[in-house]
Amino acid sequence: MFIEESLWIRQALTDSPLRTGSQVLDIGSSSYEYRTRVQGHIATNIHGPLLERGCAITYVDKKRDSGIDIAADLSKPTLPAALSGRHYEAILCCNILEHVPDRDALICNMVRLARVGGLLVITVPHLYPRHEDPIDTMYRPDIASLVDLVSRYAEVSVRKAEVIPITDRGYYVRERGRLLDYVLPLRTNKLWRYYLKPFRRKVTCAVLEITAVRSSR
């Protein structure tokens, strides 16, 4: 997750109805080490403010690791037993939809787990190179396409949505030890994207409120 992306989510949730006792599900949360140290801005800008408001966060990821409450793949058609019957006031799904072969199944399960009136916080790359983790389907939606995907399973109200450019220069610097970055800078050096604004990385971010469910729970 980009720093600017985490700041966008933090701001978007500032005026949300989440309060003490609100249940939040973070899908693809990764480990405690990753979200607090490798990408510490996730804990600082997203999880920290939610916890300060008294929300309870359930961390879900496909792999078992420290700080993961439930190890499960929510892109499968059937919900895992550990989540059966549970419902959440907010569900975070950040940079996950491009990495699953069946994103419809994931969205359907998110709707099953969300309360009516609950929030879906979704981010997906809009302009970004292929990155296998372990796969990349190259799903790169705009706002309308993302809302249309979710609307197959629920009626939603768009609380906030934006395609944000990634302007932090640090994400475009040369990689150490790559000689070609200096010999063929426009072909291999990532920094050219920083200077050419139309080619900067972009992320589609949306906070959607579920007003009615189309799919059965």
Give the calculated FRET efficiency between S84 and L127 to the nearest 0.05, with a Förster radius of 41 Å applied to their Cβ-Cβ distance. 0.60
Would you please name the GluC sites (Glu not before Pro) within region 35-106 that are DSSP coil residues with at most 10 other C-beta atoms within 10 Å of their C-beta? none
Whole Å is fine, so just give me how far the alpha carbon centre of region 45-79 lies from that of region 92-141. 15 Å
Calc'd 3J(HN,Hα), region 156-162, phi into Karplus 6.51 cos²θ - 1.76 cosθ + 1.60 (θ = phi - 60°), Hz, glycine/Pro = x, comes to 10, 10, 7, 6, 7, 7, 6
Please give the contour-minus-distance gain from R159 to V173: 0.36 nm per residue of separation, less the Cα-Cα distance, rounded to one decimal in nm. 1.6 nm
List the aspartates and glutamates whose Cα sits under 15 Å from the Cα of K63, skipping any in the same chain fewer than 8 residues away. D26, E33, D73, D133
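For region 1-99, what is the charge dipole size about the Cα centre, in debye to the nearest 20, if Lys and Arg each add +1 at the Cβ and Asp and Glu each add -1 at the Cβ?
Details: 10 positive and 12 negative charges, 46 e Å.
About 220 debye.
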Please find, in a Gaussian network model of the chain (springs between Cα atoms separated by less than 10 Å), the residue of D61, D136, D15 whose mean-square fluctuation is greatest. D15
Identify all aspartates and glutamates with a Cα-Cα distance to K202 below 13 Å; exclude those on the same chain that are fewer than 8 residues away in sequence. E4, E5, D142, E162, D168
Can you spot the aspartates and glutamates whose alpha carbon is less than 14 Å from K76's alpha carbon? Ignore those fewer than 8 places along the same chain. D61, D102, D104
Backbone HN-Hα couplings from phi across region 86-102 [Karplus 6.51/-1.76/1.60, Hz, Gly and Pro as x]: 8, 9, 10, 6, 8, 10, 9, 9, 10, 6, 10, 4, 7, 10, 10, x, 10
For region 9-24, in order, what is each residue's ³J(HN,Hα) by Karplus, 6.51 cos²θ - 1.76 cosθ + 1.60 with θ = phi - 60°, in whole Hz (x at glycine and Pro)? 5, 4, 5, 5, 8, 4, 9, 6, x, 4, 8, 4, x, 5, 8, 10
Pick from R169, R35, R130: which is most flexible by mean-square fluctuation in a GNM of the chain where alpha carbon atoms under 10 Å apart are linked? R169
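Rounded to the nearest 5, what % of DSSP beta bridges with both residues in the chain are antiparallel?
Details: 19 of 36 bridges.
Of the beta bridges lying entirely in the chain, close to 55 percent run antiparallel.
Per 0.36 nm of contour for each residue apart, how much would the distance between R152 and Y32 grow if the chain were fully extended, relative to their Cα-Cα spacing?
Working: separation 120, 0.36 × 120 = 43.20 nm, distance 3.33 nm.
That pair, R152 and Y32, stretches by 39.9 nm at full extension.
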Spacing of the two label points (7 Å from each Cα toward its C-beta) at V116 and K63, in nm: 4.0 nm
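Report the full-extension gain for the segment L51 to I143: residue separation times 0.36 nm, less the Cα-Cα distance, to one decimal in nm. Intermediate values should be presented prior to the final figure.
Details: separation 92, 0.36 × 92 = 33.12 nm, distance 2.83 nm.
Length difference between fully extended and current span is 30.3 nm.
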I want to verify a result. In a Gaussian network model of the chain, Cα cutoff 10 Å, which of these has the top mean-square fluctuation: L79, L13, L196? L196
Give me the percent of accessible area attributable to carbon and sulfur for the chain, probe 1.4 angstrom. 51 percent
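Tell me the per residue accessible area of the chain using a 1.4 Å probe; a whole number in Å² is fine.
50 Å²
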5 angstrom amide H check on G67, placed H, neighbours 5+ away: Y32
Please identify which residues in region 97-132 have an amide N closer than 20 Å to a label point set 7 Å out from the Cα of D73, following the Cα→Cβ vector. 97-113, 131-132
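The values are calculated or read from the model by the stated rules, or taken from the named source; none is laboratory data. Predicted model only: the values in this text are computed from it and were never measured. Note: ideal-geometry Cβ built from the backbone for every residue, glycine included; neighbour counts use all protein chains shown. These accessible areas exclude ligands, DNA and RNA; they are computed on the full protein's heavy atoms, side chains included. Shrake-Rupley method; radii C 1.70, N 1.55, O 1.52, S 1.80 Å.
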